[in-house]
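What follows draws every value from the coordinates through simple rules; no lab data is involved. It should be emphasised that the depicted structure is a prediction, and the values quoted were computed from it without experimental measurement. Backbone-built Cβ (ideal geometry, glycine too); neighbour counts: all protein chains shown.
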Amino acid sequence: MGIRADIEQQNREFTAFIAEDPTKYYKYFDWLEALRQSGIVNMFGASPYLMKAWSLPERKADAITVYWMKHYSELLAERGWKRD
């Protein structure tokens, strides 16, 4: 397995771990939503911001961001965010 495939597998595993109890990650999801609303960055580039703000390892920040993107509609409804 190549390095890229290994990283992608680890991200899938961590994303599945988040899915077991996403409420534990609401603080990160809310922060990502605030970042999105600020317009500072295209959200495809949000992981480094999340990493720095929360002192997270790169792979964890990537997985949280990917989960946030894939489940945005659900999170929008659950968290009561305003879509502009």
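Only helical DSSP H runs with n ≥ 4 go in: add -39500 (n - 2.57) per run for the chain, normalise by residue count and round the 222 nm mean residue ellipticity to 500 deg cm²/dmol.
It comes out at -22000 deg cm²/dmol, rounded to the nearest 500.
What residue among ILE18, ILE40, ILE64 shows peak mean-square fluctuation when the chain is described by a Gaussian network model with Cα springs under 10 Å?
Top of the fluctuation ranking is ILE40.
Of GLU20, GLU33, GLU74, how do they rank once you tally other Cβ atoms within 10 Å and put the fewest first?
GLU20, GLU74, GLU33
Once you've got the GNM for the chain with C-alpha springs shorter than 10 Å, pick whichever of ALA63, ALA46, ALA16 has the biggest mean-square fluctuation.
Looking only at ALA63, ALA46, ALA16, the largest GNM fluctuation is found for ALA16.
Which label belongs to the value computed from this structure, given these candidates for Rg/Rh (Cα atoms, Kirkwood Rh): [x] 0.97; [y] 1.12; [z] 1.03?
[x]
If we count other beta carbons within 10 Å of each Cβ, what is the order of VAL41, VAL66, fewest first?
Placing the least packed residue first, the sequence is VAL41, VAL66.
Determine the relative contact order of the stretch 1-80: mean sequence separation of Cα pairs under 8 Å and six or more apart, normalised by residue count, in whole percent.
36
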